[in-house]
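Written below as C-alpha cells is the structure these notes are about.
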Amino acid sequence: MASGFFAILDDIAALMDDVAATSKLATKKTAGILGDDLAVNAEKATGFLASREIPVLWAITKGSFLNKLIILPLVFILNWIYPPAIKVALLIGGIYLAYEGVEKIIDYFFHRAKKGEEIIAESELIETDGNSEKSKVYSAIKTDFILSLEIVIIALGVAIEKEHPLITQILSVTFVAIIATVGVYGIVALIVRMDDAGFYLMKKSDSNSFLSTFGGILIKSLPWVIKGLSVLGTIALVLVSGGIFHHNIEYIHHFIPQNIPSVLSEFIVGFTFGLITVLLIKSYKKIKSIILK
C-alpha cells in the first residue's frame, strides 16, 4: 500500500517536472507575443479618467480570463478533430489585427487635423458615455482573444513537439495562458497607476528628497509612457498579424527574400493585408450607403 502511494507521488512529481519544463520553453517562445500583448493592452486600457482606469482594466482582465476559458478547450478539441481549423482561425484573427493596426495608422496620418477641443470632447465622451466605454472594453477583449489564441497555439505546439501526454499538454498550456493574463494585466495596472504612485511618494517624503524627485519623474513620464505604448501597440498589431501570415501561409513564407529582416518583412506583410482589408471595408460601407440612399 505504502509503495503504491509513493509511486503515485513519484508520478505526480514527474508530471509536474514535465509541466514546468514545457511551460518554461513555451513562455520563452511566446515572449514576443506577450510583449506585443502588453503594448496593445496598455494602449487599450488608457484614455480614461483616473477613477475609471482600474474598473476598465479589471473588465478587460475578466474578459481575458473568459477568452482563455473559451480558447483552451476549443483549441484542444479542434486539434483533436481537425488540426487545420486552428490555422484558419489564426488567419482570420490575423486579418482582424492587421485591419485594426492599419486603420489606426491611417487615422493618425490623415485625421490629425482635429482641434484640441474636439480631442478633449471625445475623451470626455468616453468618460461620461457608458456605451463608449463598453465599446472600448469590447474592442480590447476582441484583440486579446486573437493574441491569446496565438499564445495558446504556440504553447500547444511546444507541448506536442515534446511528445508529452495529453494531461501534460493541458496543464502546461493552461499554466502559460494564466501567466500571460496575470503578468500582462498586472504590468498594465502598474503602468496606468504610475501617477498615483508618484503623488503618494511626493506626499509622504520631503520636497527635496530622492523619493519626492522620483515621484515627480513618475508623474511627468506617464504621458510619454502612454504615448510610447500607444505607438508600440499599433505597430505590434501589424507585426503580430504579419507574423501569423508569414508563418502560416507557405507562399508568403517563400516569397519574402531571406535577406530581409524578419521584423521588417512581417510589418510589410501585416500592413499589406491590413491596407487591403481597410480598403475593402471602406468600399463596402460606401457602396452600402449609396444603395441605402
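Projected label points at residue 77 and residue 182, each 7 Å from Cα along the beta carbon direction, are separated by 2.7 nanometres. Summarising the amide proton neighbourhood of residue 256: residues at separation of 5 or more, or on other chains, whose placed amide H is nearer than 5 Å comprise an empty set.
Compared with the alpha-carbon gap, the fully stretched path from residue 220 to residue 167 is longer by 14.2 nm at 0.36 nm per residue. Take the Cα of residue 211, step 7 Å toward its Cβ, do the same at residue 142, and the gap between the two points is 4.6 nm. Multiplying the residue separation of residue 91 and residue 280 by 0.36 nm and subtracting their alpha-carbon distance yields 66.3 nm. Distance from the alpha carbon centroid of the range 56-73 to that of the range 207-265 works out to 23 angstrom. Extending 7 Å from Cα along the Cβ direction at residue 62 and again at residue 204 yields two label points whose distance is 2.9 nm. Solvent-accessible area per residue in the range 137-186 equals 40 Å², computed with a 1.4 angstrom probe and all protein chains kept.
The values are calculated or read from the model by the stated rules, or taken from the named source; none is laboratory data. Computed from a prediction, not measured in an experiment: that's the story for all the values here. So basically every Cβ, Gly included, is an ideal-geometry build from the backbone, and we count neighbours across all protein chains shown. Ligands, DNA and RNA are excluded from the accessible area calculation, which covers all protein heavy atoms including side chains. Shrake-Rupley method; radii C 1.70, N 1.55, O 1.52, S 1.80 Å.
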